[in-house]
């Protein structure tokens, strides 16, 4: 089963493929906001119907949260599991979007055509590259090259609460020889990448309470403790002057980078100035004795993702608020233990509280980092396939983002995962005006066709 | 013109007076929120009609913001100007109210009957005590005791942008022998008070920008400066470990309290434990070498009234935000110069910014403190009248809140102001479930009748 006619079919079918993607993008499947629950169902239904149309036996499978989509197709070895997620991030602040986030269009830009809209790059555009590769393969050869199971979740952007139970309950069905995950990026627009190191994520919310009701800052100001001041003190103390995180024990399990890998990363010629310059910054803000690439790929972080307290509307209100709250996340690397860090963080915050203040915590997920073992030959086969499609040789890279699924495939299903994706740093994922290059969509689909051919050892 | 039949008339008319107040309270005249602009007009119209119904020549007077209400009545000396404000604070967080803030009711509580709703105590209930006293006086004696000008504004809760221009343009009309202002409180439920020291208010908003768009904290976390972290560092640095404000030059113009006044305050037997205990606090949080009463009456403060940045909705979003903002106010005392403090504060914040961060500022008002000279005999006449009505002798007190109008009456109209009000610390002004004691409303009305009699030197 040659790949060349499949690649031609993909080229010929690009416009209809784009229209199919736009249909999926129009469904506002924001998983973290309960108001969009029905839209998540609709997105799952759309995928089931599309997969069935190209010969998969596809089902929407209920969970206590948003549904999973599981589909089976093809016969013979190897058995490959493909993972993606159909849920998307919220779209606020909406006024920073140049158009409706859920009315996607093809736009001409200086760098070529892009598909603009929420979820184009994270992750609907990416998961559809694989679906389109399967569609083209089936159209040309009448069947898939080997047994393929597709597994889409709808809770990736909200901590994946149903994922582990579902994988455990359906382990036999989902277990394959290797997993393919499409939720990462190219190294740059000419260099494909297989991500072999992923940071973990610990999400915490702190709620500090001072007085038991909102007060008038004239009447009580000076005498009553202000919880915004307390919360600011806590946040200000979380980093030292060198950018290191101060939570006790935080760096336990953080490995120094292997010198060979470090040398490989240095050879990539990462343009830290351009990376930061693209968002109007110039100074790497993390640990001051680390390179920018280490800061985002191999070093742990602490970020405040949201803060609120008191009056935040137009105008001014002289309130001394009862509560202030912050959402704080830690990116984890190596063998850092998210549960130990959670306990240490909470103890650290409690110890900083002045008299009269109370604190409550909410948990928003806890996933360790993933580091791939590269001894499965599928890694080198896929790297070769990607190198054939793109101008430059494919590289093994790290990723600052957290894709806990890769770790779960290893620990729950004892399965290696190949993280291959076609996003770019300027895709503005999680931000207003998210986009996906049409070239990423097109060459991504072609890349998957080549990877399927390369993995087809029984051919 | 004896006051006794006026007091009887007030007693007999209490229920209808309460119903009139409820009509005014039902108008949601939130001045800081443009959505309620028409309601502010409606509240002004209601007051014009009510004042006209008791013989005043009353008018709504346009400004570039919400309208003023000016009314004239009575003849002969002295000429007295009465001030109040018909606008109210926003009502969020609405879910902490036990009922609709704009559907006022009389409620039985352990401490007696209260009128519950936004604006009951601040300031609609208070301004209506004076209107009801005028109504009763006119009903009994057929006319007011002397010339009375009533002056209501609708922007007190949003920085009074139109107040100074209006007072200057209408100085001749508004200038009187003495001003009466009803926007303060009793010292305690048995002790009336004339407020002779008022803190000023400087309102500032800081907007810190890091990256020029919201980022994914996985992709950029560690390398990109987080503006919430920067803003928290700034806020955390605004107080030292002893609770003193650290802005350079902040304490210039802060006078030590006159020992005689300090002794008088100590004699009041202020219950700091009860004051803080009422809001579930126990430790005075201001300058640690000052009494709680000094902290709220005679010492300057810095409070964060609101903070927001990043994702603040339900769930979690791993955003590294572009912006964070805080509303910060300074309560000022003595001769502190709000404009000098604004400049020092802004310079201090700019000096704290790390590379790559930008800051913008918004101004939300700047009013110095007011300290009354007590040599006008009206002060002692009013103090005697109040002492006749209430169980305990009236006292001269300080106030933590800012009522810039008192200073403007002095500087623009060269007129002393008597600040007399009937609010209580537990009225929850600016907070959910605001109330005004029916006793405050009733005895407040009676108090004004007695004050009118005491000021009626031509009788």
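The numbers here are math on the coordinates, done by the rules we state, and not lab data. These numbers come from a predicted model, not from an experiment. Ideal geometry is used to build each Cβ from the backbone, glycine not excepted, and the neighbour counts take in all protein chains shown.
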Sorting from shortest, the nanometre distances separating the label point of residue A:76 (7 Å past Cα along the line to Cβ) from those of the same residue in the other copies are 11.5
The Cα extents of the stretch A:97-222 along the principal axes, largest first and rounded to whole Å, are 78, 47, 28
If labels are modelled 7 Å from Cα along the Cβ direction, residue B:94 lies from its partners in the other copies at nm distances, smallest first, of 1.6
Assertion target for A:275, B:422, ordered by fewest C-beta neighbours within 10 angstrom first, is A:275, B:422
The exposure ranking of A:95, B:12, fewest beta-carbon neighbours within 10 Å first, is A:95, B:12
For the stretch A:185-245 the translational diffusion coefficient, Stokes-Einstein from a Kirkwood Rh over Cα pairs at 25 °C and viscosity 0.890 mPa s, in µm²/s, is roughly 151
Hydrodynamic radius by Kirkwood for the stretch B:38-164, inverse mean 1/r across distinct Cα pairs, in Å, is 15.9
Taking a ≥ b ≥ c as the square roots of the eigenvalues of the Cα gyration tensor, with a/c under 1.5 meaning rounded and otherwise prolate when a/b exceeds b/c and oblate if not, chain A is prolate
Taking the label point 7 Å from Cα along the Cα-Cβ vector, the copy-to-copy distances for residue B:267, listed from shortest in nm with one decimal, are 8.8
Cα-based Rg/(2.2 N^0.38 Å) for the stretch B:248-355, rounded to two decimals, is 1.43
Here the stretch B:1-47 gives, from Cα atoms, an Rg and Dmax in Å of 15.5, 47
Summing -39500 (n - 2.57) over every DSSP H run of at least 4 in chain A, dividing by its residue total and rounding to the nearest 500, the 222 nm mean residue ellipticity is -10000 deg cm²/dmol
Going from the fewest other Cβ atoms within 10 Å to the most, one would list B:299, B:20, A:325 as B:20, A:325, B:299
Label model pair residue A:64, residue A:264: point-to-point distance (7 angstrom along the Cα→beta-carbon line) in nm is 4.0
Gyration tensor (Cα only) of the stretch A:11-89 to equivalent ellipsoid, semi-axes in Å sorted down, yields 23, 18, 10
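From the square roots a ≥ b ≥ c of the eigenvalues of the alpha-carbon gyration tensor of the stretch B:220-265, which class results: rounded (a/c under 1.5), prolate (a/b over b/c), or oblate?
Prolate, since a/c reaches 1.5 and a/b exceeds b/c.
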Given a Förster distance of 51 Å, the FRET efficiency implied by the Cβ-Cβ spacing of residue B:347 and residue B:393, rounded to the nearest 0.05, works out to 0.60
Output field shielding_mean for A:206-217 (other chain Cβ, 10 Å radius) holds 5
The helix B:37-53 Cα axis meets the longest alpha-carbon principal axis of chain B at an angle in degrees, between 0 and 90 and rounded to 10, of 10
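Based on the alpha-carbon gyration tensor of the protein assembly as shown, what equivalent-ellipsoid semi-axes (square roots of 5 times the eigenvalues) come out, in whole Å, largest first?
Taking √(5λ) for each Cα gyration eigenvalue gives 67, 28, 22 Å.
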The stretch A:27-55 and the stretch B:288-318 have their Cα centres apart by a whole-number Å value of 43
Taking Cα atoms, the helix A:227-236 axis meets the longest principal axis of chain A at an angle in degrees (rounded to 10) of 60
Site residue A:380, offset 7 angstrom along Cα→Cβ, radius 16 Å on amide nitrogen, limited to the stretch A:178-208, gives none
Under the 7 Å Cα-to-Cβ spin-label approximation, residue B:360 and residue B:272 lie apart by a distance in nanometres of 4.2
The helix B:404-413 Cα axis meets the longest alpha-carbon principal axis of chain B at an angle in degrees, between 0 and 90 and rounded to 10, of 60
